[in-house]
Every structure is written in C-alpha cells, then in structure tokens.
Amino acid sequence: VGGRVPPGPEEIAALDPEGHFIRRLQADHLAIMRLLETGAVVKAGPIVHRLAGAAGTFGFEEVGTIALTLDEAVASGALLPVEGLVRLAGALERAVGAARKSG
Amino acid sequence: MEHVAGRQLPGPTGGLRSHVSASRQSRILVVEDDRDVAGLLARELRAGGHVVDVVEFAGDALSAARATDYALMIIDLGLPDGDGLDLVRDMRRRAIESPVLVLTARRKVEDRVVGLAIGADDYMAKPFALPEVRARVAALLRRPSRIRESQPSVGNIVVDCDALEAVVDGVSLPLARKQFQLLELLVRRKNHMTPKRMIEEALYGYDDDVCTNSIEAHVSRLRRVLSLARAQAVIETRRGIGYRLVGLDSAAE
C-alpha cells in the first residue's frame, strides 16, 4: 500500500521569514553602502526593487516608502538618484538598529 | 527561510514546494519570488488550515496550475521569468479558472485595472497587512467558483453534478462514488490529458490511504461500465502520465 507521504516533522517546523528579512536588511544596507562608495549605484536596482515589495509588509515603512519611490522612478526610465539611495541607506541603518534593539 | 520539499512538480526552474498542514482545507498556490514575503503568506495561510504550494517562477506556476485544481492562486506581478499579468492571461486562455488574487507593489491604477480586466479576481497592494490577506482570501474562497457547467457531457455521456448521477442515453450508470468523481473529472477535462496526480488529488484526501493501483482499478471499472452502456467515448491511457476521455468521433480522427 503506497499513497502520499504525510508531512514529516521538519515540514511542520515553523518558518522564520521575519528573522530572515532582518538579516537581509543588514546585508542590503552593507551592499548599498558599498555601491555608493564605488559609484556603481545602478547595480542597486534589484535590491531597491526587492525592498519596495517587502519592507513595508514586514513593518519597515520608511525603508519601504523610499524604496518604492526609487523603484517607480527606475521603472519609468530614470536613473537611480544617488541622493535617494543615500536616504535609503540611512533608513536601512535605522531599521537594522531598531530591529537589534527589539531583539 | 527554509522551505521543506513535499511533493514535487517538474518545473523549468525552481520547482514547487508543498506543505500539508491540515486534513480538510483549500489548496492555495502562492506565486511570489520574494522568499520572505512568500514565507509570511504561506505561514499565515497554513495557520488558517489551508494547504499551500509556493513557487517563485511563472513557468512553475503554470505547471502547478495545470496539474492541480487550486481553490485560489495568489500571484505577484513582478516575477523573475515574466510578468504576473501575462501569467494570469495565459492561465485564463488555458481555461484555468481558479480565482486569482494579484499582489503587487505597483501603485498605478492602470496596473490594477489591467489585472482585473484580464481575469484576476482581486487585487492587493504591497505592503499588505496579514489581517487584510486573511480577509481577502476568505472572501475569495467564499465566492462561488466561476460558473461551472452543472451537466458536462461527452458524446452520449451526461454527468449531472447536482443529482450526482451519470447517464448514457438517459440510462443511469451504476457507479460508486469515486468512479462518479473520476468520470466527472474526465468529462470536464474532455480531450485533455488528466495527470494521475490530479486524479489522486480529486478523489482522495491527504489522510486517505491510497493503494498503488487504486486509480488504475477505478479507471478499469469505469471503462467496463461505459463500454457496457455503449458510451460514445473512451478513456485513453498514456502510460506514466495519465488518462484522457475522448468522444468516439474525436478518437477516430
């Protein structure tokens, strides 16, 4: 007798998207700082796009709002503005700091 | 986020991750390339007792939707291998009628209008709040599914889904419940190959023990009943894939 396999305990294990997202914010902050230093701001496009779609949902509204504005500018054909990216880096730094404080 | 593999569908890219969390629930497909957002959605839906499949790519979503009759699909618009709107359009063109909740960070009215016009059933803007997800999913699942034919037919076979009776030339067929369900599925998908996996999902719950040859046994019995009743349709087998019901006119072509 075969049949479909019931879910194992590992499948039922809780996922931690919030924790993973905070780690991602840290990585994104470092990546954007590096791109600002090297002047390769155009490479920040995919990071900005991902943040635009997710940051607000995870409660990081400032990051989400700035990223969304930048992402829409890029979608309409504009280049990523350096000053906007600097603002995003600042918002990311604050978000990571706040997340660290709240544990 | 670690997704744990359950049953897998062949896909061109990332494959499908499946998770079963309850014995009686709706099956929902989440098409979202952001793993954190997908994880959040999946966890929320599973907590609500639903079975959730997650895919990241449009190609995988199409494969999954062709193989499984989802109660709902939540589709992000910006996918790595294509636009979610194209995916919805493609699904509707292929007569995949599961309700679609479009998810997007795009704020333009035109995007929302186009999404609804091509066949999406609802729209949710990112960022979203989980209570809003719950409410919209519940509302979509409450809606009667798209108008389904209540008496689908092939040749002289008519399946009366209200009376739970199948007839050939007006004569009722002696079918057990699972054979009736199988016939209804094959008639609704007439002339299309129906994967064995789809049949299993239609006939059995996750907690059911399924004998390895149970589908073959049901098909064999159904063939005999249809043949004795002189039905103008036959069940074709494609080994390793599934079954297809074709009218005798089509089969002769």
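Here are a few things to note about the model shown:
- For region B:196-240, filtering for residues that are within 14 Å of another protein chain (Cβ to nearest Cβ) and closer than 18 Å to B:Ala67 by Cβ leaves 13.
- Selection of strands (runs of 3 or more DSSP E) fully inside region B:64-148 by the criterion of at least 2 residues being within 24 Å of B:Arg35 (Cα to Cα) and touching a Pro at 6+ places or on another chain (Cβ under 8 Å) returns B:72-76.
- B:Arg17 being modelled with pLDDT under 90 and either away from chain A (no Cβ under 14 Å) or surrounded by fewer than 22 Cβ atoms within 10 Å (Cβ to Cβ) (or both): no
- Verdict on A:Leu80 being more than 9 Å from chain B (Cβ to nearest Cβ), part of a loop (DSSP other than H, G, I, E, B) and surrounded by 15 or more Cβ atoms within 10 Å (Cβ to Cβ): yes
- Test: residue in region B:149-156 that is within 14 Å of another protein chain (Cβ to nearest Cβ), in contact with an Asp or Glu (Cβ under 8 Å, 6 or more places away or on another chain) and free of Cβ contacts under 8 Å to residues at least 60 places away in the same chain: no
- Condition check for A:Gly53: surrounded by 13 or more Cβ atoms within 10 Å (Cβ to Cβ), under 30 Å from B:Thr212 (Cα atoms) and modelled with pLDDT under 90: no
- Residues satisfying the stated conditions in region B:166-221, i.e. of a type in the set (A, V, I, L, M, F, W, C) and at pLDDT below 90: B:Leu185, B:Met193, B:Met198, B:Ile199, B:Ala202, B:Leu203, B:Val210, B:Cys211
- Output for region B:66-110, where each listed residue is more than 28 Å from B:Glu201 (Cα to Cα), surrounded by fewer than 18 Cβ atoms within 10 Å (Cβ to Cβ) and at pLDDT below 85: B:Arg107, B:Lys108, B:Val109, B:Glu110
The values are calculated or read from the model by the stated rules, or taken from the named source; none is laboratory data. What you are looking at is a predicted structure, and each value in this text was computed from that prediction instead of being measured. Cβ atoms come from the backbone with ideal geometry, glycine included; neighbour counts cover every protein chain shown.
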